[in-house]
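Student: Mind having a look at this structure? Questions to follow.
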Amino acid sequence: MQEVKPIFFAAMTLVSIITPSFNQVSFLEQTIRSVLDQDHFELEYIVIDGASTDGSVEIIKKYADKLAYWVSEKDSGQAEAVNKGMARAKGEIVAWLNSDDCYLPGAVRAAVEAFEANPDAAMVYGDMLAIDENGIVTNEFKYRQLSLDDLLCFEIIGQPAVFMRRAAFEKAGGLDMNFHFLLDHHLWIKIASQGEIVHVPQTLAAARYHAAAKNRAQALEFGREAFRVLDWAQEQPDLTGPAKRLARRARASAHRVDARYLLDGGHPSASLAAWMRAFFIHPPTALKRMNLFVSALLMLMGLQKMRAWILERRKRLL
């Protein structure tokens, strides 16, 4: 006979979702609906808007009666907005969903069940889709079970597919407002250094990639921040050992992150140079992302159409 208790526990676990919002009116309603349409019974939804002027506030007001709390006021950015929302959260499990991303059906329930199956887990994360402005799937990110070592070497987890225990978020000190581009990855490292993180082999969310997204509009900043995260890790007493042991792989990985975002931002020459730096520091790390090297070369050779054809073929296979 099937045991009933785990199902009852999952149904009664309060989950708090925070959406930091600023001038994303084109996508905000889809984000809100993706949270409110979840089939988990105990859900607390908080929207923190940074004084949007594009009609976002009208969208939020439309759903105000379904929100636990919302506010629209100036803030210093994403980190402050998320921290502000988390300070009001009452859920045992928490997450944030940016105002241009969305959850897939059943995502919250799957996260709660993963925590139930892994009572020592501080954080769980699933797989993620990449979508464009029109919601068309352009890529699919299938992750694996990662360790603290992997995170220190910049194995990136898609933020929308991450859920945390509120106690772990609070113990980690929340989001560090000194980081603006890899602030989520910085937080994952802090959480993984205090507890277990668990991969859920299920697609939980979709991240929207568009011209105004940070990974394109401010691509140059991601690599710079990767090195800041690296320097920070080397100064932490509980991370000094792993950071020293992984020094070459981690530094090569930071250059590889730089190469990826430079390519996303349309800087193939700089991307290729960053990839080569990774290769000379730790060849296996660079070779894991040989596609960055090939894509940068194609763009430099003026073969953008071939690169676009390859990307379109990959999109059709999804």
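The values are calculated or read from the model by the stated rules, or taken from the named source; none is laboratory data. This is a predicted model, so every value here is computed, not measured. Backbone-built Cβ (ideal geometry, glycine too); neighbour counts: all protein chains shown.
Student: Considering only the range 243-273, state which residues are of a type outside the set (A, V, I, L, M), farther than 28 Å from Gly77 by Cα and crowded, with 21+ Cβ neighbours inside 10 Å.
Tutor: Within the range 243-273, Pro268 is the sole residue that qualifies.
Let's see how each residue does on (1) modelled with pLDDT under 95; (2) surrounded by 13 or more Cβ atoms within 10 Å (Cβ to Cβ); (3) among the β-branched types (Val, Ile, Thr):
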site: Val4; (1), (2), (3): yes, no, yes
site: Phe8; (1), (2), (3): yes, no, no
site: Ser21; (1), (2), (3): no, yes, no
site: Ile32; (1), (2), (3): no, yes, yes
site: Gln38; (1), (2), (3): no, yes, no
site: Asp49; (1), (2), (3): no, yes, no
site: Thr53; (1), (2), (3): no, no, yes
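Student: Under 7 Å between Cβ atoms, which residue pairs at least 6 apart in sequence (or on different chains) link something in the range 124-152 that is more than 25 Å from Met164 (Cα to Cα) with a partner that is hydroxyl-bearing (Ser, Thr, Tyr) and part of a strand (DSSP E or B)?
Tutor: Cβ pairs passing all conditions: Asp132/Thr138.
Student: Give me the pairs: first residue in the range 24-46 and without any contact (Cβ under 8 Å) to a residue 60 or more places away in the chain, second residue in a helix (DSSP H, G or I) and hydroxyl-bearing (Ser, Thr, Tyr), beta-carbon distance under 7 Å, and six or more apart or on different chains, which are they?
Tutor: Val25/Ser56
Student: Looking only at the range 140-164, count how many residues are assigned to a helix (DSSP H, G or I) and either closer than 12 Å to Trp96 by Cα or in the same structural domain as Ala259 (by TED's automatic domain parsing) (or both).
Tutor: Within the range 140-164, residues that are assigned to a helix (DSSP H, G or I) and either closer than 12 Å to Trp96 by Cα or in the same structural domain as Ala259 (by TED's automatic domain parsing) (or both) number 3.
Student: Given (1) crowded, with 19+ Cβ neighbours inside 10 Å; (2) part of a strand (DSSP E or B), where does Gly91 come up short, assuming only one miss?
Tutor: (2)
Student: Return the residue satisfying two criteria in turn: it lies in the range 153-191 and is in contact (Cβ under 8 Å) with a residue 60 or more places away in the chain and at positive phi, and of such residues it is nearest to the chain's Cα centre (by Cα).
Tutor: Filtering first and then ranking leaves Phe154.
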